[in-house]
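Heads up: the structure comes next, in C-alpha cells.
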Amino acid sequence: MSRHLLLTLIVALAAPVFAEPGAREKELTYLRTILSEDLLPYANLEVPAAENVAIAGAGADQHLGLHIFPGQKKRNGGIRAEVSVDFPFTAGETVRYEWKLMVPPGFKTDAPRNRWWIIAQWHDQPDKNRGETWSGFPSRSPPVLLGLGEVGGRIGFGFEYGIDHAQKKGPFFLEPGKWHTLAMVVRWSQQADGRAALYLDEMAKPVAVAEGANMHNGYQHFLKLGMYRHLEIQTDNWIYLDAVRITREAGHR
C-alpha cells in the first residue's frame with residue numbers, strides 16, 4: 001500500500017486541543033474510526049493540534065492516522081500524538097488489549113541512535129478513590145510499554161516490563177505498509193503474580209511473556225497508543241491505528 005493511498009480522504013476536524021464548545025463531538029468522530037461505542041466514554045485524543053491527527057481511508061477501510069513532526073507543540077509536556085483509553089479494572093483482573101498497527105512505507109526511524117520512542121504504554125495515574133490529583137503526583141515511567149526502533153535496517157519494537165523495566169523482550173519486526181495485529185494480555189498486580197503476554201499477528205501463541213509487579217500504585221493504569229518520543233528526534237512521521245479492542249478475560253483474577 002502506497003503512502004499516497006494511505007493519506008487519501010484525510011479529514012481535519014479538530015480544534016488544537018479539543019477544548020472549545022462542541023469539540024468533544026469532533027474528537028469522537030476521530031475515535032469512532034478505531035473504537036467501539038462502549039470504549040468511547042473512556043477515550044481521549046492526546047494531540048496538541050489538528051495537524052497531529054487525521055482520518056485516512058474510505059468507507060469500511062477508514063482508520064486513524066497520528067502524526068508527529070519537528071517543531072510541533074508539546075502536549076502534557078512531551079512530543080506526542082496518542083489515543084488514550086482509561087479502561088476500568090481492579091488489581092488482580094486480567095485485561096486483553098488488542099489493536100491493529102501500521103507504519104507506512106518510507107517511515108524514518110531514529111537509527112542509528114534509536115533514542116526512546118514509545119508506540120504503546122500503560123501508564124499509572126492518581127487514585128481518584130483516594131482524592132489524589134495530578135498535582136504533585138510523581139512522574140514515573142510506564143511499567144508496561146512497547147518502544148520503536150531500527151535493528152539491522154528493519155523497523156521493529158521492543159517490549160519492556162516491570163516497575164524498573166528490568167525485563168526487555170524483542171525485537172519484533174514490522175513490515176512497512178502492512179497491517180499488524182498486536183495484543184497484550186495483562187494480569188494487573190503490584191505483586192509477583194503480575195503477568196503480561198504479548199501477541200503479534202498469530203494470536204495462538206505469545207511472542208513474549210513477562211512476570212512480576214506491573215502497577216506503580218493500586219489504581220487502574222491507562223493505555224496510550226500512537227507515538228511519544230525523545231524531544232530531539234527530528235523526523236516527520238505518521239503511524240496508523242485501527243480496531244482497538246479492550247476486554248476483561250473471563251475467569252481470571
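The values are calculated or read from the model by the stated rules, or taken from the named source; none is laboratory data. Predicted model only: the values in this text are computed from it and were never measured. We place every Cβ from the backbone using ideal geometry, glycine too, and count neighbours over all the protein chains shown.
Numbers for the structure displayed
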read-out: Residue, nearest to residue 226 (Cα to Cα), within the stretch 51-82, restricted to residues that are in a helix (DSSP H, G or I) and at pLDDT 95 or above; value: 52
read-out: Of all residues making up the stretch 125-175, the number that are over 21 Å from residue 218 (Cβ atoms) and aromatic (Phe, Trp, Tyr); value: 4
read-out: Residue pairs meeting the criteria (Cβ under 7 Å; at least 6 apart or on separate chains; first under 15 Å from residue 88 (Cβ atoms), in the stretch 29-46; second of a type outside the set (D, E, K, R) and part of a helix (DSSP H, G or I)); value: 40/28; 40/31; 43/31
read-out: Answer from 96, 75 - the residue that is more than 26 Å from residue 137 (Cα to Cα) and not aromatic (Phe, Trp, Tyr); value: 96
read-out: Checking residue 85 against (1) at pLDDT 95 or above; (2) over 17 Å from residue 227 (Cβ atoms), the condition it does not meet; value: (2)
